[in-house]
Amino acid sequence: MVIVDRDGRIVRVNEQAEAVFGYARGDILGQPVEILVPERFRSAHVRHRQGYFRDPRKRPMGVGLELYGRRKDGTEFPVEISLSPMGSDGELLSISAIRDVTSRRAEEERAQLLMREQAARAALEDAVRVRDEFLSVAAHELKTPITSLRAFAELLIRDVDRKGSLDPSRFRRGLERIDAQSRKLTTLIAQLLDVSRIQAGHLSLELADADLVSVVRDAVTAVEAVGGARSVGIEAPPSLRARVDPIRFEQVLTNLLDNAAKYAPPPGRVVVRVVETGGDAEIVVSDEGPGIDEAHRVRIFDPFYRVDGRGPVSGIGLGLYVSQQIVEQHGGELRAEFPPDGGTRMIVRLPLAGPTVRSGDR
Ligand code: ADP
């Protein structure tokens, strides 16, 4: 307990105050109360003290602040102080009840540390769970094409062993299936690697000045070549130059075109439209397929999300996730729209000048 007068002089202290601050009574009586306050707070304390005497009432000091006391030897300790006015012989005094809260603060800090540790552990467990899920999906999805690869290969070996009965067109069909399954496997592995790069923040872009229209044409040609006779319409200006990673950008388009081919069966048309709008390029891949039910629309860009789970169409639910990440890393956006008359429209918007953050900054 420390009692001060209007001028901030200490007029009375009790024994605990002597013990806590390390002063003998005789040393501090008559001294400004600021000797009990760490130096850096002293001038503010003078102002607060004067303010208190203008409006003296019982209240805690410095609500919401961490207050410190200063011992005679200069060491500091956390305190809580409550103030109350007291009249004595017609003079107004202020009583400060000061409590050393070192052990309570330490307790609070320990509790906070514990909470942070628990949160960190929960985050780690989450990351491990996501990784395990990733590994189990990856293993499952890789096994499927490998199983059919082996089946076709064994079939061909048996055919070859049955000498004399080799049918070239049957042989060719077998090889085509092996080829198709190997492509699927390659795509899967590439997507899985991309996801782990994205999640580790290591998907970097190799930016170059490129013609978006010719990248679009290349992607269309590639998809037409594997997608059978399905032709894709292109509506684009002769050229549109932009700063992009051409390989990654083609990957995005190939994925969108692949999806259109996979999920929107013929005779529906697939069209890619390229336009320039206010410093951005907009590339729209439209199909006339079944679209996506409203309930699923918010999730199609999530990793491993498929509307039809392990349905008949091959895929692992990573294409849109990876594509969106690539587009966003270019400083653009990838979103889906569903026209009222049906079909799906995937819209890529890219800044022509390239990303404003350097790749690798993320
Ligand atoms: P997947 O490997 O399954 O194709 P994606 O991430 O590319 O993964 O797509 C996620 C899901 O979104 C797909 O499983 C499919 O259900 C749906 N989807 C994507 N594109 C289309 C489309 N053009 N038309 C209908 N559904 C689509």
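The values are calculated or read from the model by the stated rules, or taken from the named source; none is laboratory data. Predicted, not measured: the structure shown is a model, and the values here were computed from it. When we count neighbours, we look across all protein chains shown, and the Cβ atoms used for this are built from the backbone with ideal geometry, even at glycine.
Select, from Ser214, Ser204, Ser196, the only residue that is of a type in the set (Gly, Ala, Ser) and assigned to a loop (DSSP other than H, G, I, E, B). If you could, list the steps in order and put the result at the bottom.
Values: Ser214 fails: assigned to a loop (DSSP other than H, G, I, E, B); Ser196 fails: assigned to a loop (DSSP other than H, G, I, E, B).
That would be Ser204, the only listed residue that is of a type in the set (Gly, Ala, Ser) and assigned to a loop (DSSP other than H, G, I, E, B).
Looking for whichever is within 24 Å of Ile189 (Cβ to Cβ) and small (Gly, Ala, Ser) here; the options are Ala236, Ala281, Ala261, Ala242. Which one fits?
So the residue among Ala236, Ala281, Ala261, Ala242 that is within 24 Å of Ile189 (Cβ to Cβ) and small (Gly, Ala, Ser) is Ala261.
Where the second residue is among the basic types (Lys, Arg) and assigned to a helix (DSSP H, G or I) and the first is under 25 Å from Glu15 (Cα atoms) and lies in region 28-57, which pairs have Cβ atoms under 6 Å and are six or more apart or on separate chains?
Going by the 6 Å Cβ cut-off, the qualifying pairs are Glu34/Arg42.
Output the residue which, of all residues in region 271-307 that are aliphatic (A, V, I, L, M) and touching a Ser or Thr at 6+ places or on another chain (Cβ under 7 Å), is farthest from Ala139 (Cα to Cα).
Val271
With (1) in a loop (DSSP other than H, G, I, E, B); (2) farther than 30 Å from Lys184 by Cβ as the list, and Leu166 as the residue in question, which single condition is left unmet?
Failed condition: (2).
Give me the pairs: first residue in region 307-331 and more than 9 Å from the ligand (Cβ to nearest atom), second residue among the charged types (D, E, K, R), beta-carbon distance under 6 Å, and six or more apart or on different chains, which are they?
As it stands, the answer is Ile326/Arg248, since those pairs meet every condition given.
Okay, residues lined up against (1) over 20 Å from Phe249 (Cβ atoms); (2) assigned to a helix (DSSP H, G or I); (3) at pLDDT below 90:
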| residue | (1), (2), (3) |
| --- | --- |
| Phe171 | yes, yes, yes |
| Glu176 | yes, yes, no |
| Gln181 | yes, yes, yes |
| Lys184 | yes, yes, yes |
| Gln191 | no, yes, yes |
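Can you pull out the residues in region 161-177 that are of a type outside the set (D, E, K, R) and over 25 Å from Thr144 (Cβ atoms)?
Residues satisfying the conditions are Gly164, Ser165, Leu166, Pro168, Ser169.
With the requirement that a residue be in contact with a helix residue (DSSP H, G or I) (Cβ under 8 Å, 6 or more places away or on another chain) and either charged (D, E, K, R) or buried (at least 20 other Cβ atoms within 10 Å of the Cβ) (or both), what does region 304-320 give you?
Listed by number, the residues that qualify are Gly315, Ile316, Leu318, Gly319, Leu320.
Name the strands (runs of 3 or more DSSP E) wholly inside region 1-99 in which the number of residues that are surrounded by 16 or more Cβ atoms within 10 Å (Cβ to Cβ), in contact with a Gly (Cβ under 8 Å, 6 or more places away or on another chain) and of a type in the set (A, V, I, L, M, F, W, C) is 1 or more.
In region 1-99, the matching strands (runs of 3 or more DSSP E) lie at 10-13, 76-88.
Let me spell it out: the conditions are (1) within 7 Å of the ligand (Cβ to nearest atom); (2) closer than 26 Å to Ile198 by Cβ, and Ala336 meets all of them except one. Which number is the exception?
With (1) within 7 Å of the ligand (Cβ to nearest atom); (2) closer than 26 Å to Ile198 by Cβ applied to Ala336, the lone miss is (1).
Those residues that are in contact with a helix residue (DSSP H, G or I) (Cβ under 6 Å, 6 or more places away or on another chain) and more than 8 Å from the ligand (Cβ to nearest atom), I need them from region 286-302; list them, please. Can you show your working first?
So the first thing to find is which residues in region 286-302 are in contact with a helix residue (DSSP H, G or I) (Cβ under 6 Å, 6 or more places away or on another chain), and the list is 287, 289, 300-301.
Listed by number, the list is empty, since nothing qualifies.
If I filter region 158-214 down to residues being within 21 Å of Val244 (Cβ to Cβ) and of a type in the set (Gly, Ala, Ser), which single residue comes out as surrounded by the most Cβ atoms within 10 Å (Cβ to Cβ)?
Among them, the one singled out is Ala210.
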